[in-house]
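Derivation of every value follows stated rules applied to the coordinates shown; laboratory data play no part. Please read all numbers here as calculations on a predicted model, not as lab measurements. Every residue, glycine among them, receives a Cβ derived from its backbone with ideal geometry; neighbour counts consider all protein chains shown.
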Amino acid sequence: MEKIGIVIHGGAGPDSEFIKKHKQEYEEGLRKALDKGYEVLKNKGKAIDAVEAAVNELENNPIFNAGRGSAINAKGEVEMCASIMNGQNLNSGAVAIVKNVRNPVSLAKAVMLNTSHIYLGGEGALNYAKSINIELEPESYFVTEHQYDAYAKKRKEAYASNRHIAMEQIHERSHGTVGAVALDHEGNIAAATSTGGTEFCKEGRIGDSSMIGVGSYADNSTCAVSTTGDGEYLIRGVIAHSVSNVMKYTKADVQEAARKVIFEENKDAEGDMGVIAIDRDCNIAIEFNSARMHRGWKTPKGTGVGIYKD
Ligand code: ASP
């Protein structure tokens with residue numbers, strides 16, 4: 001049987017009434033994204049295109065916190081981050097604090113393929129997007145009722161207590177960042193991640209999702225990884241690259257490596273952490289320390305979606 005496979009996530013974090021109420025829509029969204037990515041692989045497409053296709057689907061789905069439906073920052077604006085990495089050659093692309101770009105992960109891919117840089121941010125990233133005619137949308141496209149309500153609630157609380165949302169309150173945040181890892185028929189792996197960041201964060205905040213080695217990492221000799229959870233903790237743990245390193249230096253398999261990084265190396269981290277990973281043999285890992293992680297997988301061994309711990 002041909003070894004191709006894909007794993008996706010739609011964010012790790014606390015449970016909420018909203019998630020419970022929309023469980024079916026989430027599962028349907030995950031299935032659609034899995035199918036989009038898998039179709040590319042089945043048609044002998046590349047892993048890098050499969051992860052982009054899956055993430056695009058999730059970015060376009062307003063229920064996830066990426067692209068349309070992104071979290072709103074304390075200034076009342078949407079600023080998005082994304083990254084992508086090709087395990088075949090370590091080529092990478094990333095964008096941070098971008099506005100108006102319908103599919104930030106596709107902009108990250110364009111940075112990877114068409115520039116001599118890896119990471120563009122802010123206005124420069126937007127100007128680059130315009131120069132290559134990437135699809136743009138007005139601010140209103142990105143703002144959903146659900147995210148606006150979350151923003152309004154946080155704003156009220158912040159005004160009432162006359163202070164900013166503190167680190168201790170981080171657990172109240174919902175996470176719906178999206179990501180994908182895939183293995184193609186040529187034996188190449190890739191990873192991609194895209195996010196609207198965290199609710200009511202400071203203007204200009206950059207989380208883990210756009211950072212190569214933290215939000216995304218892919219190396220054919222080890223694995224492809226995409227992460228989600230509390231960026232401030234994921235960055236300290238350099239999570240995606242750590243999973244790859246544990247495989248490389250301890251000869252652990254991909255699942256052991258993902259477990260080690262979340263539950264041993266970072267056992268004292270107080271933030272939510274989730275990882276998905278795949279290796280060249282189509283072994284996969286899905287690990288999280290949070291109440292739930294939206295996820296889906298499709299490999300020759302089977303397919304499925306899930307939200308809560310089994
Ligand atoms: N990791 C993302 C960030 O901190 C949020 C998430 O995964 O939901 O920006």
- Message: As an exercise, find the ratio Rg/Rh for the range 1-117 from alpha-carbon atoms, using the Kirkwood inverse-distance average for Rh.
- Response: 1.00
- Message: Below 13 angstrom from the Cβ of residue 227, what's the summed charge of the other residues (Lys, Arg +1; Asp, Glu -1)?
- Response: -3
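Using only the alpha carbons of the range 36-78, what is the convex hull's orientation-averaged projected area in square nanometres?
Dividing the Cα hull surface by four gives the mean projection, 3.2 nm².
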- Message: Semi-axes of the equivalent ellipsoid for the range 242-283, please: Cα gyration tensor eigenvalues, times 5, square-rooted, ordered largest first, whole Å.
- Response: 19, 11, 7
- Message: Tell me the mean residue ellipticity at 222 nm calculated for the chain from its helices only (DSSP H runs of n ≥ 4, each -39500 (n - 2.57), averaged over every residue, nearest 500).
- Response: -10000 deg cm²/dmol
- Note on the structure: Counted neighbours (other Cβ, 10 Å), sorted fewest up, put 292, 205 in the order 205, 292
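Arrange the following residues from fewest to most other Cβ atoms within 10 Å of their Cβ: 9, 241. Show your work: numbers first, answer last.
Working: 9 31, 241 20.
Lowest to highest Cβ neighbour count: 241, 9.
Under the √(5λ) rule applied to the eigenvalues of the Cα gyration tensor, what semi-axes describe the equivalent ellipsoid of the range 215-288? Give them in Å, descending.
Values: eigenvalues 70, 27, 20 Å².
Taking √(5λ) for each Cα gyration eigenvalue gives 19, 12, 10 Å.
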- On each of the three principal axes the extent of the alpha-carbon atoms of the chain, given in whole Å and largest first, is 58, 44, 35
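Past 22 Å, Cα to Cα, is the threshold; run 75/156; 23/44; 20/42; 202/260; 3/298; 23/109 against it and keep the listed order. Don't jump to the answer; show the numbers that get you there.
Details: 75/156 13 Å; 23/44 32 Å; 20/42 33 Å; 202/260 32 Å; 3/298 11 Å; 23/109 31 Å.
From the list (75/156; 23/44; 20/42; 202/260; 3/298; 23/109), the Cα-Cα distance tops 22 Å for 23/44; 20/42; 202/260; 23/109.
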- Query: Label 7 Å along Cα→Cβ of residue 115; the range 49-76 residues with amide nitrogen under 12 Å?
  - Reply: none
- Query: Just 279, 49, 208 to compare: in a GNM of the chain, with alpha carbon springs under 10 Å, which one fluctuates most?
  - Reply: 49
- Message: Placing +1 on the Cβ of each Lys and Arg and -1 on the Cβ of each Asp and Glu in the chain, which of 14, 92, 303 has its Cα farthest towards the positive end of the resulting dipole?
- Response: 303
- Virtual spin-label span in nm between residue 140 and residue 157, 7 Å along Cα→Cβ: 2.9 nm
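Would you work out the charge dipole size for the range 1-145 about its Cα centre, treating the Cβ of every Lys and Arg as +1 and the Cβ of every Asp and Glu as -1, and quote it to the nearest 20 debye?
Values: 16 positive and 19 negative charges, 75 e Å.
Charge dipole of the range 1-145: 360 debye, to the nearest 20.
Within the chain, which complete DSSP H helices have Cα atoms spanning at least 18 Å along the helix axis and a mean Kyte-Doolittle hydropathy of 0.0 or higher? Display every interim value, and only then the final one.
On the way: long enough: 23-42 (28 Å, -1.35); 47-60 (20 Å, 0.21); 145-161 (24 Å, -1.82).
Flagged H segments are 47-60.
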- Rank these for me by crowding, 102, 31, going from fewest to most other beta carbons within 10 Å. 31, 102
